Amino acid sequence: MSVHTKEIEVVASGKSTSEFTHMIEEGLLESGYNEGTVTVFCCHTSCSLVIMENADPSARRDLEGFIDRLVPEDDPHFTHTYEGPDDMPSHIKMALTRTTEVIPFKNGRLCLGTWQGVFLWEHRARSHKRRIVLSYQGE
């Protein structure tokens, strides 16, 4: 098996989920691989990755609302608040979720379910450009 690595940038407009499945598919096409896996890695500590339903945005809004209730910004026990009230909560949300996803592919296509998409889950309040590394292993 050989490896093809690509870096991409995903823009998130504050707290949100931003789908970038198409960018992973574009990298797979560039790799020329037919079968293997792609590792998707987020290079940040205040956002994460999630494979989630991409048909109905209310599913993602419910997920976002749930984690905001689970880790509120007004917790008086947080001391790491240098960048504002969303600073420590964003780090905790990242630690509770994932920064890496591994997705198999075959016949040159990602093996995602019908309603699945890959999303950057931004936990900070303001907009950010996030670096994602895609590492394809295949043949």
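The values are calculated or read from the model by the stated rules, or taken from the named source; none is laboratory data. All values reported here derive from a predicted model rather than from experimental measurement. As a convention, Cβ positions derive from the backbone with ideal geometry for all residues, glycine included, and neighbour counts pool all protein chains shown.
Among residues belonging to region 94-139 that are assigned to a strand (DSSP E or B) and among the basic types (Lys, Arg), point out the one that is nearest to the chain's Cα centre (by Cα).
Filtering region 94-139 for residues that are assigned to a strand (DSSP E or B) and among the basic types (Lys, Arg), the one nearest to the chain's Cα centre (by Cα) comes out as 98.
I'd like the residue in region 110-130 that is exposed (fewer than 13 other Cβ atoms within 10 Å of the Cβ), in contact (Cβ under 8 Å) with a residue 60 or more places away in the chain and not hydroxyl-bearing (Ser, Thr, Tyr) and, out of all such residues, is nearest to residue 5 (Cα to Cα).
129
Among the residues of region 38-90, which ones are charged (D, E, K, R), part of a helix (DSSP H, G or I) and touching a residue at least 24 places away in the same chain (Cβ under 8 Å)?
60, 64, 68, 87, listed by residue number.
Tell me whether region 79-91 contains one or more residues that are closer than 18 Å to residue 23 by Cβ and exposed (fewer than 15 other Cβ atoms within 10 Å of the Cβ).
No, the conditions are met nowhere in region 79-91.
From (1) within 25 Å of residue 133 (Cα to Cα); (2) within 19 Å of the chain's Cα centre (by Cα), pick out the condition that doesn't hold for residue 31.
The one condition residue 31 does not meet is (2).
Among the residues of region 41-53, is any modelled with pLDDT under 95 and in contact with a Cys (Cβ under 9 Å, 6 or more places away or on another chain)?
no
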